[in-house]
Ligand code: ATP
């Protein structure tokens, strides 16, 4: 077995050019996956079903063998396809929390928590130490009172916390979590994602998390990797992903976006794009690497909260160049109203504070706040 210690100034995980084709197939499930997880960070792999999140995580765990690429942990190479180096899962400095928790039903809560210290990579010799450490972590995740209970007699949320406690007691350099909240109901998910993030910060453990739930990713992560069809679309902080998506896929996957195709436009040297569309002309910022000159493709991206639906004769709408549209759908959602309008051959979505004053069929004026729009080249 290898001894791993992560110097504080090193990246905890470095993944370089990782690719995986399953079982002799020449179709890659993932390709060109390159990223780093700094020490102590919470990084999330986010993307729709089948985009390759689990494959990436399982390659890092050593549960799948990548076809190409290299994986380092704390400066040590644990996998390198070209040199055939492939450290076994049990010898990698990781702990995994699977979707199904993987809790042993024939053991008590305490026995489950203590298991890795008895049989894992970093064994603890003193019996008393094992109990003290396990109780200490169970206390921190709110399960100390359940220590002697059979683990099957825990609620879903409690089992999830036990799985986390057990993983932390492996004393891993990197914690790998594969959709650990997906078996819980919506309310509990929201509560536990906050708790999980709190525990992660408290223990300072570097974490790599997989989810297809964008709200979860935004709420919990320091950094999010958005994946699509086996490739990385964008790596950024939650704020940057929302405010400066680089592709239309990211814009649409993180929150929601109106993608308005441009008919023609000009990219100025300053990075500003002037774009003509079927719903008017926009002057907007771009984060895409657009060279100055004429543009014939791409989108203006407008978030629903920047699309205002106003009465047809509203003075502000008239003064600021509002355009005439027809309501196609209108829903009251409690904290806001969602309205779809047909305009310029497109359907635009609007999200505004209530109350709901329109219904399908109504004629309205639509005002798109140009300052908050973004030009995307793909
Ligand atoms: P989900 O959120 O549904 O779990 P995911 O993003 O985690 O999806 P993966 O499970 O990594 O995606 O799958 C990526 C691709 O690899 C998919 O096309 C899938 O069908 C394929 N795949 C996954 N596991 C295997 C396997 N064991 N054998 C063959 N193909 C596989």
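Every number in this text was worked out from the coordinates using simple rules, so none of it is lab data. Everything quoted here is computed from the prediction, not taken from an experiment. Cβ placement follows ideal geometry from the backbone for every residue including glycine, while neighbour counts extend to all protein chains displayed.
With runs of 4+ DSSP H residues as the only contributors, calculate the mean residue ellipticity of the chain at 222 nm using -39,500 (n - 2.57) per run, divided by the residue total and rounded to the nearest 500.
Values: 9 runs with 89 residues, N = 378.
Result for the chain: -7000 deg cm²/dmol, rounded to the nearest 500.
The Cα trace of segment 1-103 gives Rg and Dmax of 13.6, 40 Å, the first to one decimal, the second as a whole number. Apply the a/c threshold of 1.5 to the C-alpha gyration tensor of segment 216-269 and tell me whether it is rounded, prolate or oblate. Judged from the Cα gyration tensor, segment 216-269 comes out prolate (a/c at least 1.5, a/b above b/c).
A simple spin-label model places the labels of residue 100 and residue 336 3.8 nm from each other, with each point 7 Å out along Cα-to-Cβ.
Compared with the dominant Cα axis of the chain, that is its longest principal axis, helix 156-168 is turned about 60°.
Using the 10 angstrom Cβ neighbour count as an exposure proxy, how do 22, 375 rank, fewest first?
Numbers: 22 11, 375 25.
Fewest-to-most Cβ neighbours within 10 Å comes out as 22, 375.
Taking a ≥ b ≥ c as the square roots of the eigenvalues of the alpha-carbon gyration tensor, segment 169-239 is classed oblate because a/c is 1.5 or more while a/b is no larger than b/c.
Extending 7 Å from the Cα toward the beta-carbon at both residue 269 and residue 291 defines two label points whose distance is 1.6 nm.
Extension gain, residue 108 to residue 239, is 43.0 nm, computed as 0.36 nm per intervening residue step minus the present C-alpha separation. Against the main long axis of the alpha-carbon atoms of the chain, helix 127-140 sits at an angle near 20°. What is the distance, in nm, between label points placed 7 Å from the Cα along the Cα-to-Cβ direction at residue 346 and at residue 119? Here the answer is 5.8 nm between the modelled labels. With the Cα gyration tensor of segment 294-346 giving a ≥ b ≥ c as the square roots of its eigenvalues, does the rule (a/c under 1.5 for rounded; else a/b larger than b/c for prolate; else oblate) give rounded, prolate or oblate? Oblate, because a/c is 1.5 or more while a/b does not exceed b/c.
Taking the C-alpha atoms only, the angle from helix 109-119 to the longest principal axis of the chain is near 70 degrees. Across segment 363-378, the residues whose backbone nitrogen lies under 14 Å from the label position 7 Å along the beta-carbon direction of residue 252 are 376-378. Within segment 11-242, antiparallel bridges make up roughly 55 percent of the DSSP beta bridges whose residues both belong there.
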